[in-house]
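Novice: Got a structure here, written out as structure tokens. Questions coming.
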Amino acid sequence: MKLTILGGGGFRVPLVYGALLTDRAEGRVTEVVLHDLDDSRLYAVAKVLEEQAARVPDAPKVTATTDLDEALRGADFVFSAIRVGGLEGRAHDERVALAEGVLGQETVGAGGIAYGLRTVPVAVDIARRVARLAPDAWVINFTNPAGLVTEAMSRHLGDRVIGICDSPVGLGRRIARVLGADPKEAWIDYVGLNHLGWVRGLRVAGRDELPRLLADPDLLGSFEEGKLFGVDWLRSLGAIPNEYLHYYYFNREAVRAYQQAVKTRGAFLADQQARFYEEMKRPDAAALTTWDRTRAEREATYMAENRETAGAGERDADDLSGGYEKVALALMRAIARDERTTLILNVRNQGTLSVLDTDAVIEVPCLVDANGAHPVAVAPLPEHATGLVCAVKGVEREVLAAAESGSRATAVKAFALHPLVDSVNVARRLVEGYTDVHPGLAYLK
Ligand code: G6P
Ligand code: MN
């Protein structure tokens, strides 16, 4: 089984490879092809993988290339985890928005739109190549903004592209944990868009345990989302939102905290990662140790400003271990070996949420088997959530239209219609600001 990783020089690749190393079963991945535009990043990551593989018998063989078509040919699975414009691009996404007083974040609000506008054309090119060179491959999309990018790719690959995110998994795991339930035994009633979903129930042996959590302020305040959103707000909602909804429900505080931060998240990571890749150039670098230290620092500081505004304190040790690689591996195993499982994934709606059309990519529990991921029917969202989901899907559709037509006016429309952008004039200035700093947006005319 051959797995191609696009963005193969990316910092989180060792997480995926580490997960592959734990898989000893028949039908596992035996060959990993790393693709990246940047040779030195490939070299750095390959060094970490080599240390990971030492002492593991039959570790998947790793090769690296900067030739995309070569990487794709013969792939059974393609993981796409690219970052168009790099972390400097992410820092620009943040700064331009914050200067206009609106949220600049990788996936939410103006920053997410800018990132989407840059990424969609590249993702579409990849999808077309996969369709041509590896038509039977399954594409697992990690590339943010994951829902939007998955939808862009699905127009060329249909249901052969599946988007993943670890946020809903982490949320489900935390809720199960505080309720004393085994996350593997729990059915998590979650739906929405990527980074815009809500847990409305958690059933163990057919019984919904969420009401017990909502009724107990101590329990409710004891985990990440309880601390972030506050017990009262969660009880008002009667649901537990994805952590990214903090940017909506506490937008003013989040924007202010991001404006006041010494460095935005993107700028912090750009510096941190530059140091890591620089260090990897040294012949005597302790690759795995340095990578792991860098990873730990990244995880500990995740959403630090949001947690600070909420007085949430440090992250729980249990929340630091990530999980994105586990979702990826579970998805591949289910497809490759027809091991039926349920995972929360980004797939085409197909009637799951009646307010959206069939091709809209949503984030929803899916039954996965050799035929792919099939969304499971869920209860409708309450009106307030439906409103947000429809508004943001509307924005995503404008981003897709702008990427396809190259229309600047459509790009302005995308920004202007976002619930977190409060004036058409702001949207116009955002497009000015973003096209000034991003060469990847030169196609907007
Ligand atoms: C969460 C999100 C991902 C995001 C990751 C890293 O897991 O679901 O989409 O890529 O955090 O965020 P960071 O700010 O460290 O890049
Ligand atoms: Mn995510």
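Conditions (1) in contact with a helix residue (DSSP H, G or I) (Cβ under 7 Å, 6 or more places away or on another chain); (2) among the polar types (S, T, N, Q); (3) within 15 Å of ligand 2 (Cβ to nearest atom); (4) over 30 Å from Leu68 (Cα atoms), marked per residue:
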| residue | (1), (2), (3), (4) |
| --- | --- |
| Ala91 | yes, no, no, no |
| Val96 | yes, no, no, yes |
| Glu106 | yes, no, yes, no |
| Ala114 | yes, no, no, no |
| Ala123 | yes, no, no, no |
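Novice: If you check every pair at least six apart or on different chains, which have Cβ atoms under 7 Å apart with a residue in the stretch 235-252 that is closer than 11 Å to Trp198 by Cβ first and a residue that is away from ligand 1 (no atom under 16 Å from the Cβ) second?
Specialist: The qualifying pairs are Gly238/Leu214; Ala239/Arg200; Ile240/Ile175; Ile240/Leu234; Pro241/Phe229.
Novice: Still on this structure, I have one more. Ala409 is checked against (1) touching a residue at least 40 places away in the same chain (Cβ under 8 Å); (2) more than 21 Å from Tyr248 (Cα to Cα) and fails just one. What number does that condition carry?
Specialist: (1)
Novice: Yes or no: the stretch 366-388 includes at least one residue that is in contact with a helix residue (DSSP H, G or I) (Cβ under 7 Å, 6 or more places away or on another chain), in a helix (DSSP H, G or I), among the small types (Gly, Ala, Ser) and more than 27 Å from Ser80 (Cα to Cα).
Specialist: no
Novice: Would you check if there is a residue in the stretch 330-340 being assigned to a helix (DSSP H, G or I), of a type outside the set (S, T, N, Q) and either surrounded by fewer than 16 Cβ atoms within 10 Å (Cβ to Cβ) or more than 23 Å from the chain's Cα centre (by Cα) (or both)? It would help to see each step written out before you state the result.
Specialist: Our first condition is that a residue be assigned to a helix (DSSP H, G or I); within the stretch 330-340, this holds for 330-337.
Applying the additional criterion that residues be of a type outside the set (S, T, N, Q) yields 330-337.
Restricting the remaining residues to those that are either surrounded by fewer than 16 Cβ atoms within 10 Å (Cβ to Cβ) or more than 23 Å from the chain's Cα centre (by Cα) (or both) gives 337.
Yes: the stretch 330-340 contains one or more residues that are assigned to a helix (DSSP H, G or I), of a type outside the set (S, T, N, Q) and either surrounded by fewer than 16 Cβ atoms within 10 Å (Cβ to Cβ) or more than 23 Å from the chain's Cα centre (by Cα) (or both).
Novice: Just the residues that are surrounded by fewer than 21 Cβ atoms within 10 Å (Cβ to Cβ) and either under 21 Å from the mean Cα position of the chain (by Cα) or of a type in the set (Gly, Ala, Ser) (or both), please, taken from the stretch 174-199.
Specialist: Listed by number, the residues that qualify are Ala176, Gly180, Ala181, Pro183, Ala186, Asp189.
Novice: Identify all residues within the stretch 161-192 that are among the aliphatic types (A, V, I, L, M), away from ligand 2 (no atom under 12 Å from the Cβ) and under 27 Å from Gln350 (Cα atoms); write none if there are none. Steps first, please.
Specialist: Within the stretch 161-192, the subset among the aliphatic types (A, V, I, L, M) is 161-162, 164, 169, 171, 175-176, 178-179, 181, 186, 188, 191.
Among the residues that remain, those that are also away from ligand 2 (no atom under 12 Å from the Cβ) are: 161-162, 175-176, 178-179, 181, 186, 188, 191.
Residues satisfying the conditions are Val161, Ile162, Ala186, Ile188, Val191.
Novice: A follow-up question, please. Answer with yes or no whether Ala110 is more than 15 Å from ligand 2 (Cβ to nearest atom), under 20 Å from Gly74 (Cβ atoms) and in contact with an Asp or Glu (Cβ under 9 Å, 6 or more places away or on another chain).
Specialist: Details: more than 15 Å from ligand 2 (Cβ to nearest atom): yes; under 20 Å from Gly74 (Cβ atoms): no; in contact with an Asp or Glu (Cβ under 9 Å, 6 or more places away or on another chain): yes.
Against the criterion (more than 15 Å from ligand 2 (Cβ to nearest atom), under 20 Å from Gly74 (Cβ atoms) and in contact with an Asp or Glu (Cβ under 9 Å, 6 or more places away or on another chain)), Ala110 does not qualify.
Novice: Still on this model: Please list, ordered by first then second residue, the pairs with beta carbon atoms under 8 Å, 6 or more apart or interchain, first in the stretch 47-75 and without any contact (Cβ under 8 Å) to a residue 12 or more places away in the chain, second of a type in the set (Lys, Arg) and not in a helix (DSSP H, G or I).
Specialist: Qualifying pairs under 8 Å: none.
Novice: Return the pair list, or none, for Cβ contacts closer than 7 Å from residues in the stretch 183-207 that are within 16 Å of ligand 1 (Cβ to nearest atom) to residues that are acidic (Asp, Glu) and in a strand (DSSP E or B), at least 6 apart or on different chains.
Specialist: Taking only residues 6 or more apart or on different chains, the pairs are Gly192/Glu363; Leu193/Glu363; Asn194/Glu363; Gly197/Glu363; Val199/Asp189.
Novice: While we're here: Looking at the stretch 327-345, I want the residues that are in contact (Cβ under 8 Å) with a residue 40 or more places away in the chain and within 16 Å of Val78 (Cβ to Cβ) and have a partner that is among the acidic types (Asp, Glu) and assigned to a strand (DSSP E or B) with Cβ atoms under 6 Å, at least 6 apart or on another chain. Which pairs are those?
Specialist: Sorted first by the residue in the stretch 327-345, then by its partner, the list stays empty.
Novice: Turning to a different aspect of this structure: Do the conditions hold for Phe250, that is, is it at pLDDT 95 or above, within 16 Å of ligand 1 (Cβ to nearest atom) and crowded, with 16+ Cβ neighbours inside 10 Å? It would help to see each step written out before you state the result.
Specialist: Values: at pLDDT 95 or above: yes; within 16 Å of ligand 1 (Cβ to nearest atom): no; crowded, with 16+ Cβ neighbours inside 10 Å: yes.
No.
The values are calculated or read from the model by the stated rules, or taken from the named source; none is laboratory data. All of these numbers come straight from a predicted model, not from anything done at the bench. All Cβ positions, glycine included, derive from the backbone under ideal geometry; neighbour counts span all protein chains shown.
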